[in-house]
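Some notes on the structure that comes next.
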Amino acid sequence: MTDHDPGAWDEAHNAPILSWHPESAPEQLPDHPVHLVVEPSEPGRLHGRMLYEPFDSGTLIVSLHGALNRGRFKVPRFEWRRTLNQVQCARLYLSDSTLEQSGSLEIGWYIGSAQQDLISEYAESVRAIARNGGYTRVMCVGSSAGGFGALALSRQIAGSAAVVFSPQTSIAGYLPSHKRALTAAAFKDRGSLNDIEAEFGERVNMRKLYKASADTNYVRFVQNTRDRFHFEAHYAPFALSLGVDPDTGGSTADGRISFHAERQEEGHAPPSRGRFLKHIDDAHQQFFGTNLTIIPAEALQGKDLGNR
């Protein structure tokens, strides 16, 4: 283990910082909240940045964030902390280090770069933390681009479940300005995103990933029917690729992936906190056979846990 600065402190998240190089990962982690930093394995690569909140439970919830208003929020970003602190289980928040390549990049989809598969590195960290903490049930959760990341991450963690809310399922199918920004920041020496998809298809297109890889994880896909762009461009193609009618929803033949089309507010927005927690709890029951313990939001009053 290499703890580069035992006195380092994350003021924004009120936690000590523990960092290490990939070849010297700690055998044990603290029993209190800690900001974990995996140093780059070589110059020019990205850090892994995680906020870990241990809890004596068999469940670890891994939260991934969506788009970031760079004028309002800073990286690292640990999203849904206030909401997930209502759940009596361990929690791990992953920051998308892709954004660190450009001060104007708002969405990175946890891609990393052409040279670095960030989501695979995070999957390795999550598996190690689950072993370290004795967590036998892992849930990857996120909305929008965070949902894309959760789909990709869960696919690399056998037995895990992803709970995603109106995510993108193909970067090539998203808005041109965000595609151009990602290409300029993360794939500088490549051509168009179509060229990138031809080379990195299973990293940038979840339909390709789920078609090409083994079904070892579970997914609960929640789609707002009033977000027509994401319904038509991302949800419907993903459901159809797995043999499910997007309008009626339902599960794949093996029951591993279920689709839930729900009427929510108009447009593309995160789910309400109550809806977010309900689907996580329902998925935990659906895939793991038990419900989570969720405490009232009022119990967290006075705690500095961020805006969401």
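The values are calculated or read from the model by the stated rules, or taken from the named source; none is laboratory data. For clarity, every value in this text was computed on a predicted model and none was experimentally measured. Note that we place each Cβ from the backbone using ideal geometry, even for glycine, and neighbour counts take in every protein chain shown.
For region 7-54, which positions are of a type in the set (Asp, Glu) and either under 21 Å from ASN307 (Cα atoms) or part of a loop (DSSP other than H, G, I, E, B) (or both)?
Of the residues in region 7-54, the ones of a type in the set (Asp, Glu) are 10-11, 23, 27, 31, 39, 42, 53.
Within region 7-54, ASP10, GLU11, GLU27, ASP31, GLU39, GLU42, GLU53 meet the criteria.
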Exercise for the section: Under 8 Å between Cβ atoms, at least 6 apart or on separate chains: pull out the pairs that start in region 218-241 with a residue that is more than 27 Å from VAL138 (Cβ to Cβ) and end on any residue that is among the small types (Gly, Ala, Ser) and part of a helix (DSSP H, G or I). Expected result: ALA233/GLY173
Completion exercise
Only unsatisfied item for GLU39, checking (1) closer than 18 Å to TYR93 by Cβ; (2) at pLDDT 95 or above, is (1)
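Being among the charged types (D, E, K, R) and crowded, with 21+ Cβ neighbours inside 10 Å: is that true of ARG131 here?
no
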Problem - Only one of ILE196, ILE157 that is at pLDDT 95 or above and not aromatic (Phe, Trp, Tyr) - result: ILE157
Exercise for the section: Please verify whether region 202-214 includes one or more residues that are out of contact with any Phe, Trp or Tyr (no Cβ under 6 Å at 6 or more places or on another chain), part of a strand (DSSP E or B), crowded, with 20+ Cβ neighbours inside 10 Å and basic (Lys, Arg). Expected result: no
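Every residue, every condition in (1) surrounded by fewer than 17 Cβ atoms within 10 Å (Cβ to Cβ); (2) among the polar types (S, T, N, Q); (3) in a helix (DSSP H, G or I), yes or no:
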residue: VAL219; (1), (2), (3): no, no, no
residue: GLU232; (1), (2), (3): yes, no, yes
residue: GLU265; (1), (2), (3): yes, no, no
residue: PHE276; (1), (2), (3): no, no, yes
residue: ILE280; (1), (2), (3): no, no, yes
residue: HIS284; (1), (2), (3): no, no, yes
residue: LYS303; (1), (2), (3): yes, no, no
residue: ASN307; (1), (2), (3): yes, yes, no
